[in-house]
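Below is one structure, written out as structure tokens; the observations come after it.
The values are calculated or read from the model by the stated rules, or taken from the named source; none is laboratory data. Everything quoted here is computed from the prediction, not taken from an experiment. All Cβ positions, even for glycine, are placed from backbone atoms using ideal geometry, and neighbour counts span all protein chains on display.
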Amino acid sequence: MEQWLLVSIIIAGYLLLTLTIGLMAGRRSSDSVAGFVAADRSFGLLVMYFVTGASVFSAFAFLGGPGWAYSRGAAAFYILAYGALGMAPFYWMGPRAASLGRKHGFVTQAQLVTGRFPSNSLSSLIALVSLGAFVPYITLQMRGAGIVIEAVTDGHVPLWLGAAVAYGIVIVYVLSAGAMAVGWTNTFQGIFMVVIAWALGLYLPFRLYGGVRP
């Protein structure tokens, strides 16, 4: 079997496993708006940790950031600064927002803000800004998936096809199971990444250099 075909089979198996986990996770949520959008507010520390991590470890983190660091050098350190500064406020704001959401039944950013400042115009503006930020973000992820799949299959699976398949998988489990599917697929993929990172980190030094030593 040719190597690119074997790689394609592995990728397909991984995507199907992710789809299965997403669809199965959806059985745990209720048939309500809160269930679909906020997973019935049931995520604990572990799932929220990986959901937050998934928003940070994007295609830019794996492809764009390292590529920029390679081509621009130390200028890329600002990525660490804005990443930390962007997430730090949630340490204080997150629990307060969650508390207000549970108390008043908010499930979107627009509801949270307009609950304090009632305005249909403000609600529409927040929705448009959120959509405007989300579209390029999801486009970046799908293009990144297509680039990786095209690279590891030596071009036999073109960028558009790899991106379309990855996007299709995400659409199916998100539309079928909502936030619950997102949470548990992120958790699975996060744990998978950690296990692979540790396995390679321990295996490669022994395989290439005979062990870890000073």
Quick check on I147: is it surrounded by 10 or more Cβ atoms within 10 Å (Cβ to Cβ), modelled with pLDDT of 90 or more and part of a helix (DSSP H, G or I)? yes
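Restricting attention to segment 12-43, and to residues there that are among the hydroxyl-bearing types (S, T, Y) and at pLDDT below 90, which single residue is surrounded by the most Cβ atoms within 10 Å (Cβ to Cβ)? Please lay out each step first, then the result.
Within segment 12-43, the subset among the hydroxyl-bearing types (S, T, Y) is 14, 18, 20, 29-30, 32, 42.
Next cut, at pLDDT below 90 only: 29-30, 32, 42.
Values: S29: 21, S30: 12, S32: 12, S42: 15.
Step by step, filter segment 12-43, then rank; the result is S29.
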Out of D31, D40, I need the residue that is acidic (D, E) and either closer than 25 Å to I126 by Cβ or touching a helix residue (DSSP H, G or I) at 6+ places or on another chain (Cβ under 6 Å) (or both). Which one? D40
Here is a list: S55, S71. Which entry is within 22 Å of Y167 (Cα to Cα), among the polar types (S, T, N, Q), assigned to a helix (DSSP H, G or I) and without any contact (Cβ under 8 Å) to a residue 12 or more places away in the chain? S55
Can you pull out every residue in segment 78-112 that is without any contact (Cβ under 8 Å) to a residue 60 or more places away in the chain and outside any helix (DSSP H, G or I)? A88, P89, F106
Starting from residues that are β-branched (V, I, T) and more than 23 Å from the chain's Cα centre (by Cα), keep the ones in segment 77-128 and report whichever is farthest from G65 (Cα to Cα). T114
Of (1) free of Cβ contacts under 8 Å to residues at least 24 places away in the same chain; (2) within 30 Å of I10 (Cβ to Cβ); (3) surrounded by 15 or more Cβ atoms within 10 Å (Cβ to Cβ), Y173 satisfies all except one. Which? (1)
Could you check segment 161-183 and list, in sequence order, the residues that are touching a Gly at 6+ places or on another chain (Cβ under 7 Å) and among the aromatic types (F, W, Y)? Y173
